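Written below as structure tokens is the structure these notes are about.
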Amino acid sequence: MKIYIRSTGNISPQHSLDKDAFFLSRIKTSGNFFKSLEPDYDKFVDSKMIRRMSRIVKMGVAAALTCLRNAGIENPSAILTATAYGCLEDSSVFLRRMIEFEENMLSPTAFIQSTHNTVGAQIALLLKCHNYNNTIVHRAFSFENALTESILLLRDGMNPVLVGAIDEITDDRHEILSRFGLYRKPEKTTGNIAGEGAVFFLLDKEPGNNPQVVLTDLQTLYKPEDTGEVQKAILAFLQKNDVDIEQIGLVLSSHTGNEKMDKSDNIVLKSIFQGKPNFPFKSLCGDYPTASGFAVWLAVIIIKEQRTPTWMTELKLPVKNIFIHHNNANTHHSFFLISAV
Amino acid sequence: MSGQIFVAGLGIVSAIGNNLHSNFQSLCEEKAGIGEMQWLSSIHREELPVGEVKCSNGELAKATGLSSKLPRTTLLSSIAAREALLDAGWKNNQTLRTGFISANTVGGMDKTENFFKLFSKNIKSGRLADVVHHECGAVTELVADFLGIRDFVSTVSTACSSSANAIFTGARMIRAGVLDYALVGGADALTRFTLNGFNTLMILDKELCRPFDEDRHGLNLGEGAAYLLLASENGLKQLGKRPYACVSGYANANDAFHQTASSPEGTGSFLAMKGALENAGIQPSDIDYINLHGTGTQNNDIAEGTAIRILFDPAFPKMSSTKSFTGHTLGASGAVEAVYSILAIHHGIIFPNLRLITPIKEFPFQPVTVCLKNQIVRHVLSNSFGFGGNCSSLIFSAT
């Protein structure tokens, strides 16, 4: 069974809602975090409803609605939402008030919006969609596991499936993760940059009118012993899908600019993908556990458009297959193969 | 023809017992575990009864050898998950694939609360060790590492229906042949965050909760963890064990009505129950027992009861809400009640709905109020409905 990626909707630090702008210019950040370019949400949802939504919900809902509009679908058979951190802003607000007012005089709004399934629930509510609805919250495998479940749902006859990944940067998240030493120090030019984004895909087992891109396969690898195990897993993955290195037009890698973290990715590139065009996708969206959603979007749009973004080294067209290696902190590896139909 | 999904092992820790056997005994003896909080620290101690697991973090840690500094949800999860594996006689096997799909809603929030006490005053303070396991997924991974499961590890979080969704994610993976074993369920510890959150919604009963009673005043929060080891036919053969039951049907629907409230006609509940019956290929009249979501709030019990009335009229199966024993264990509740549903099949016992005095007037049925033994229980429907309209129903059947 082929899994067609019929449409996408992406709110990210790049011009991802406007493909021409995206191919033309790339946004860079001078600081150590990358926030999304947020659209005018009134174009997506009634302004009264928008005012009640938190930022992560707005981003998620707008990305999901864009994706459905692009496919001309009103109601999917299933909505799957992936988020590693959930609705952090509302969690922080409720937590801070609870501590400050010593468990007195609290209002329910922030609590209500803090549950991890808020984005998926709000999408269902807006669409009046009573169909299957699930939220996966498994760190850097959140999106991967949601995709895996989507494939099983498609096989079980639920068609099409709306699946997406959302995570937000908040002041508290950035402060805390910075204290863990995760991000680039102000005076340095190397090191990770924090990121965020909301991206949705409409997966379908029917080709639709204009099929262009398929999700050939994905696989996760949890806590490998060493880089050798990662290499072995990638080779087995390619072999299982009957794809030669020669047939891969682009490799999207997880390089973050943190030398220590990038070491394993460098070994993989040199040993398996020597001479292949490679692009570090986190340089566009920043580093966060569900950044693989952005990587899949990037692969889809390059295959669909069959052109090279002006800011990327010229690709040999047509690009038939794009391989994504998502690596989060060397504990969570995942591999994706996105292909032209 | 898709294969059967067998329940080969069970594990549970809740307010009414620290293992499967003690939970079963408390159910049979009609002993609830809800009362004044002893381990959770909150200004609401004397005002809001809760269903706590009767152990300190130190005692829970000692039982597993894990650090007592880990989130309480991790400690609860590790105890129940290990019990389910031991019960099934599961061993880590190179040739068969095992997944761990666990649900929770609070993650390491109990520790994050400590962190924020200092952090909210000064962003450079607070022990980082207290937030390192904040994520829901972190809780699952600590337990996966403890158990040695690596093939597939995932976390589901859909509020109060979380672990029901974890159960049928695993069931679907076994049916699809992706996994041979799936350890599925969920855990949630009581935290100030959730207690105060539910308190702001004004749906907590200051007395012991009375699900499906005309004079019900809300829910009591509880905590716990419960897991089922699901096995494929081949997986079951390797264990050489008689299964407790099989997972025969599941469905998930969204109420799409309101972020926290259920629609008065219980659209989501109705669709979930109807979908599960269709998935199992059985009729409403085949159901011998419904383990109700039955939180004891005005809104839930009316919505759920209305959906049951529409779907089952005129012949209503026996039913009860075991939240009257454990309180509402949130992300664990779907799995806690799945374990009770399976025990009902295995022992032929219908557990009662405690403290029910006046059944809800609108309904032509009422829950069971005493423990019924020597029953024939072939098919059990277990309901879990949550915030965000997430409604899930599971059907377990005798093998």
Next on the checklist: What's the number of the only condition in (1) part of a strand (DSSP E or B); (2) surrounded by fewer than 24 Cβ atoms within 10 Å (Cβ to Cβ) that residue A:50 fails to meet?
Outcome noted: (1)
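Per-residue answers, yes or no, for (1) surrounded by 15 or more Cβ atoms within 10 Å (Cβ to Cβ); (2) modelled with pLDDT under 95; (3) part of a helix (DSSP H, G or I):
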| residue | (1), (2), (3) |
| --- | --- |
| A:243 | yes, no, no |
| A:257 | yes, yes, no |
| A:279 | yes, no, no |
| A:295 | yes, no, yes |
| A:298 | yes, no, yes |
| A:303 | yes, no, yes |
| A:309 | yes, no, no |
| A:317 | no, no, no |
Item to check | Meets criteria (in contact with a Phe, Trp or Tyr (Cβ under 6 Å, 6 or more places away or on another chain) and over 18 Å from residue B:80 (Cα atoms)) for residue B:235 | outcome: yes
Item to check | residue B:164 being modelled with pLDDT of 95 or more, out of contact with any helix residue (DSSP H, G or I) (no Cβ under 9 Å at 6 or more places or on another chain), more than 10 Å from every other protein chain (Cβ to nearest Cβ) and under 30 Å from residue B:269 (Cα atoms) | outcome: no
Next on the checklist: Just to be sure I understand the filter: pairs with C-beta atoms under 6 Å, separated by 6 or more residues or on different chains, first member in the stretch A:5-22 and over 14 Å from residue A:161 (Cα atoms), second member among the aliphatic types (A, V, I, L, M) and part of a strand (DSSP E or B). Which pairs pass?
Outcome noted: A:10/A:199; A:11/A:198
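With the condition kept exactly as written, say whether any residue in the stretch B:81-103 is within 27 Å of residue B:15 (Cβ to Cβ), within 19 Å of the chain's Cα centre (by Cα), within 12 Å of chain A (Cβ to nearest Cβ) and not aliphatic (A, V, I, L, M). Please lay out each step first, then the result.
Keep residues of the stretch B:81-103 that are within 27 Å of residue B:15 (Cβ to Cβ), which gives B:81-88, B:90, B:100-103.
Next, only the ones that are within 19 Å of the chain's Cα centre (by Cα) stay: B:81-85, B:87, B:100-103.
With within 12 Å of chain A (Cβ to nearest Cβ) added as a condition, the list becomes B:100-103.
With the extra rule that they be not aliphatic (A, V, I, L, M), the set shrinks to B:100, B:102.
Scanning the stretch B:81-103, I find at least one residue that is within 27 Å of residue B:15 (Cβ to Cβ), within 19 Å of the chain's Cα centre (by Cα), within 12 Å of chain A (Cβ to nearest Cβ) and not aliphatic (A, V, I, L, M), so the answer is yes.
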Next on the checklist: Any residue at all in the stretch A:247-257 that's in contact with a Gly (Cβ under 9 Å, 6 or more places away or on another chain) and touching a residue at least 24 places away in the same chain (Cβ under 8 Å)?
Outcome noted: yes
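If I go through the stretch A:217-229 residue by residue, how many of them are closer than 30 Å to residue A:73 by Cβ and either surrounded by fewer than 19 Cβ atoms within 10 Å (Cβ to Cβ) or touching a Pro at 6+ places or on another chain (Cβ under 8 Å) (or both)? If you could, list the steps in order and put the result at the bottom.
Pass one, the stretch A:217-229, residues closer than 30 Å to residue A:73 by Cβ: A:217-220.
Filter once more, so that each one left must be either surrounded by fewer than 19 Cβ atoms within 10 Å (Cβ to Cβ) or touching a Pro at 6+ places or on another chain (Cβ under 8 Å) (or both): A:217, A:219.
So the answer is 2.
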Checklist entry - Can you find a residue in the stretch B:119-131 that is facing chain A (nearest Cβ under 8 Å), among the charged types (D, E, K, R), part of a helix (DSSP H, G or I) and free of Cβ contacts under 8 Å to residues at least 24 places away in the same chain? => result no
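For a quick check of your reading: which strands (runs of 3 or more DSSP E) sit entirely within the stretch B:223-308 and have at least 1 residues that are within 14 Å of chain A (Cβ to nearest Cβ)? Steps first, answer last, please.
Working: elements: B:224-231, B:245-254, B:289-291.
Counting at least 1 such residues, we get B:245-254.
The values are calculated or read from the model by the stated rules, or taken from the named source; none is laboratory data. What you see is a predicted model; the values in this text were computed from it and never measured. When we count neighbours, we look across all protein chains shown, and the Cβ atoms used for this are built from the backbone with ideal geometry, even at glycine.
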